1. Using the structure shown, decide if Leu59 is in a helix (DSSP H, G or I) and surrounded by 14 or more Cβ atoms within 10 Å (Cβ to Cβ).
2. Has region 73-93 got any residue that is open to solvent by 90 Å² or more (accessible area, probe 1.4 Å) and at pLDDT below 85?
3. Do you know which residues across region 1-54 are part of a loop (DSSP other than H, G, I, E, B), open to solvent by 60 Å² or more (accessible area, probe 1.4 Å) and within 19 Å of Arg169 (Cβ to Cβ)?
4. For residues in region 94-103 being open to solvent by 30 Å² or more (accessible area, probe 1.4 Å) and part of a loop (DSSP other than H, G, I, E, B), which is nearest to Ser157 (Cα to Cα)?
5. Can Tyr162 be described as open to solvent by 50 Å² or more (accessible area, probe 1.4 Å), modelled with pLDDT of 90 or more and not in a loop (DSSP other than H, G, I, E, B)?
6. So which residues in region 63-77 are of a type outside the set (Val, Ile, Thr) and assigned to a loop (DSSP other than H, G, I, E, B), if there are any at all?
7. Could we say that Val106 is surrounded by 17 or more Cβ atoms within 10 Å (Cβ to Cβ) and within 30 Å of Ser41 (Cα to Cα) here?
Amino acid sequence: LARDEGYARGDLAVMYRVNAQSRALEEACLRYGVPYQLVGSLRFYQRQEIKDLTAYLRLIANPDDDVSFARVANVPLRGIGQRTLDDLTRLSRDKGVSMYSAFQEVSQSDGSPDQAVALPSRSTRALTKFLEIVQALASESESLDLVQLIDLVLERSGYKRYVQDEAERGEERWENIQ
């Protein structure tokens, strides 16, 4: 339509007031093959809260997804530090299994000397709680539609409170999730 009026695509701009509105515009451009450039913001699916929520959903669908596991294991903060994740990554590589499987092996071990990495008990407790949340969500996901599952993930993981309590950008991030 713009070309019919004598305008080139580069002559057009769309402005919006709320960053969460970018999703509808981006999806329309992608659907119709319209090249676009987002100025002053991240693309919708590159935003931290969207990546985090997507990682939770991926982990629920596939607990062996190490990238998603590492992304959300300590989001919100659960006492699972980078050192613990590094130890778990090393253990999973040594055993040739996912981080999830490696932790299950560590948590079920009897403390035998062939154990390659011993995780501190505080880390073990935090990881156990995290995996209990993921396992419960995976179990319940079979009887829920996607919107119900997302709502449950946001509540059970503590992510909803984590985003809403953020003073600086909490409201904007929550709007993006919505």
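1. Yes, satisfied.
2. First pass over region 73-93, keeping only residues open to solvent by 90 Å² or more (accessible area, probe 1.4 Å): 77, 82-83, 90, 93.
With at pLDDT below 85 added as a condition, the list becomes none.
No, because not a single residue in region 73-93 is open to solvent by 90 Å² or more (accessible area, probe 1.4 Å) and at pLDDT below 85.
3. Tyr16, Arg17, Val39, Gly40, Leu42, Arg43
4. So, considering only residues that are open to solvent by 30 Å² or more (accessible area, probe 1.4 Å) and part of a loop (DSSP other than H, G, I, E, B), the one nearest to Ser157 (Cα to Cα) is Val97.
5. The answer is yes for Tyr162.
6. Result: Pro63, Asp64, Asp65, Ala73, Asn74, Pro76, Leu77.
7. So Val106 does not fit the description; no.
The values are calculated or read from the model by the stated rules, or taken from the named source; none is laboratory data. All values derive from a computational prediction rather than experimental measurement. Every residue, glycine among them, receives a Cβ derived from its backbone with ideal geometry; neighbour counts consider all protein chains shown. The accessibility values were calculated without ligands, DNA or RNA, using every heavy atom of the protein model including side chains. Shrake-Rupley method; radii C 1.70, N 1.55, O 1.52, S 1.80 Å.
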